[in-house]
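Let me begin by presenting the structure, written as structure tokens, before commenting on it.
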Amino acid sequence: MKPEFIKITSHESMPISILSLYLLAFPADERRPCHHLFSLIDGGEPAFDFRVIYAGGGV
């Protein structure tokens, strides 16, 4: 299966599994607080791009 790149444009449309992965993937001192991440996603900040790569199977 060819990987699919999905741009997250609203935190409300982000699957909880993506948020869980984000929290597990980065140490607490290296990740943005969730409320800050959500405001960047929802605000359409041009310099900020949150994408998920889906290659089949689970996310």
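The values are calculated or read from the model by the stated rules, or taken from the named source; none is laboratory data. All of these numbers come straight from a predicted model, not from anything done at the bench. Heads up, the Cβs are rebuilt from the backbone with ideal geometry, glycines too, and the neighbour counts pull from every protein chain shown. SASA here: full protein model, heavy atoms, side chains in, ligands and nucleic acids out. Shrake-Rupley method; radii C 1.70, N 1.55, O 1.52, S 1.80 Å.
Here are a few things to note about the model shown:
Per-residue answers, yes or no, for (1) of a type in the set (Phe, Trp, Tyr); (2) open to solvent by less than 50 Å² (accessible area, probe 1.4 Å):
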residue: 19; (1), (2): no, yes
residue: 23; (1), (2): no, no
residue: 35; (1), (2): no, no
residue: 38; (1), (2): yes, yes
residue: 42; (1), (2): no, no
residue: 45; (1), (2): no, no
residue: 52; (1), (2): no, yes
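- Residue in the range 10-20 that is of a type in the set (Ser, Thr, Tyr) and in contact with a helix residue (DSSP H, G or I) (Cβ under 7 Å, 6 or more places away or on another chain) present: yes
- Subset of the range 32-59 (residues that are out of contact with any helix residue (DSSP H, G or I) (no Cβ under 6 Å at 6 or more places or on another chain), part of a loop (DSSP other than H, G, I, E, B) and closer than 29 Å to residue 1 by Cβ): 49, 55, 56, 57, 58
- Residue pairs meeting the criteria (Cβ under 9 Å; at least 6 apart or on separate chains; first among the β-branched types (Val, Ile, Thr), in the range 37-49; second open to solvent by 80 Å² or more (accessible area, probe 1.4 Å)): 41/9
- Subset of the range 1-10 [under 19 Å from residue 49 (Cβ atoms) and open to solvent by 60 Å² or more (accessible area, probe 1.4 Å)]: 3, 4, 5, 6, 7, 9
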